[in-house]
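Colleague: Structure in structure tokens, see below.
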Amino acid sequence: RAMAMESRAYNNVPPPFPATANTDIAPDTGVMLERMPPPPGPPVDPPPPGSALVDEVDKRILVVLRDGRKILGILRSFDQFSNMVLVDACERVIVGDTFGDVPLGSYIVRGENLVLLGAVDEAESEAGPPGLRRLSADEIRVAEMAEKQSNSLKRTMLARFDFLDDLS
């Protein structure tokens with residue numbers, strides 16, 4: 001702080017505001033930086049890296065992967081990279097107003113593919129999302145394939161009419 005004040009004094013430029021005990025002046029820009037007061041209470045240390053999932057071990061969790069898949073399973077173990085092992089895992093597939101669980105068994109999730117993770121209540125997990133009707137694993141896979149074919153057909157049809165954009 002003293003150096004910032006000296007450099008301004010050396011250039012014969014007065015500081016734009018007086019520095020106080022709760023402020024500093026950035027030496028490179030001369031901008032006032034206000035210090036935040038410490039939070040009340042004793043200081044809290046952050047948890048050690050890789051220990052945030054300890055409370056979720058042996059609990060049923062929902063994992064959303066980078067490709068959009070949703071995996072339900074019991075978290076058995078994990079490492080510092082958030083790679084995890086799920087047992088009794090199933091993929092929850094949602095198509096329109098229906099859903100189904102496709103059993104996967106034991107499943108390893110690589111941490112870099114993890115987008116979202118959360119604990120799931122066992123009763124709610126079995127009941128499924130509210131407002132959706134449960135289908136068997138085979139029925140939901142058939143519905144998923146039909147939806148993919150329908151979306152592919154829609155994209156093809158839209159691509160055929162893209163010449164209309166050039167006319168306007």
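Colleague: Where a Cα-Cα gap under 30 Å defines reach, which lysines qualify for LYS59, not counting those fewer than 8 residues away within the same chain?
Modeller: LYS70
Colleague: Taking 7 Å along the Cα-to-C-beta vector as the label spot, tell me the MET32-VAL142 distance in nanometres, rounded to one decimal.
Modeller: Distance between label points: 7.2 nm.
Colleague: Further question: Rounded to whole Hz and in sequence order, give me ³J(HN,Hα) for the stretch 124-132 from the Karplus expression 6.51 cos²θ - 1.76 cosθ + 1.60, θ = phi - 60°, writing x for Gly and Pro.
Modeller: Values, residue by residue: 5, 5, 6, 6, x, x, x, x, 10 Hz.
Colleague: What are the ³J(HN,Hα) values, in whole Hz, obtained from phi via the Karplus relation 6.51 cos²θ - 1.76 cosθ + 1.60 with θ = phi - 60°, for each residue of the stretch 55-71 in sequence order, with x given for Gly and Pro?
Modeller: Going residue by residue, I get 5, 9, 5, 6, 10, 6, 10, 10, 10, 9, 9, 4, 7, x, 5, 10, 10 Hz, with x marking Gly and Pro.
Colleague: Find the accessible area per residue for the stretch 54-168; the probe is 1.4 Å, ligands and nucleic acids are left out, and the unit is Å².
Modeller: It amounts to 66 Å² per residue over the stretch 54-168.
Colleague: Between ASN83 and residues 5 or more places away or on another chain, which pairs have amide H atoms under 5 Å apart, with H built 1.01 Å from N, and which residues are they?
Modeller: Here the answer is GLY111, since their amide H atoms fall under 5 Å of that of ASN83.
Colleague: Using 7 Å Cα-to-Cβ label points, what is the ASP88/GLU126 separation (nm, one decimal)?
Modeller: 1.0 nm
Colleague: Please list 3J(HN,Hα) in residue order for the stretch 91-103, calculated via the Karplus relation 6.51 cos²θ - 1.76 cosθ + 1.60 where θ = phi - 60°; whole Hz, with x for glycine and proline.
Modeller: 8, 8, 10, 10, 10, x, 9, 10, 8, x, 10, 9, x
The values are calculated or read from the model by the stated rules, or taken from the named source; none is laboratory data. This structure is a prediction, so every number in the text was calculated from the model and none was measured. Here the Cβ is made from the backbone with ideal geometry for all residues, glycine too, and neighbour counts use every protein chain on show. Heads up: the accessible areas ignore ligands, DNA and RNA and are worked out on the full protein's heavy atoms, side chains in. Shrake-Rupley method; radii C 1.70, N 1.55, O 1.52, S 1.80 Å.
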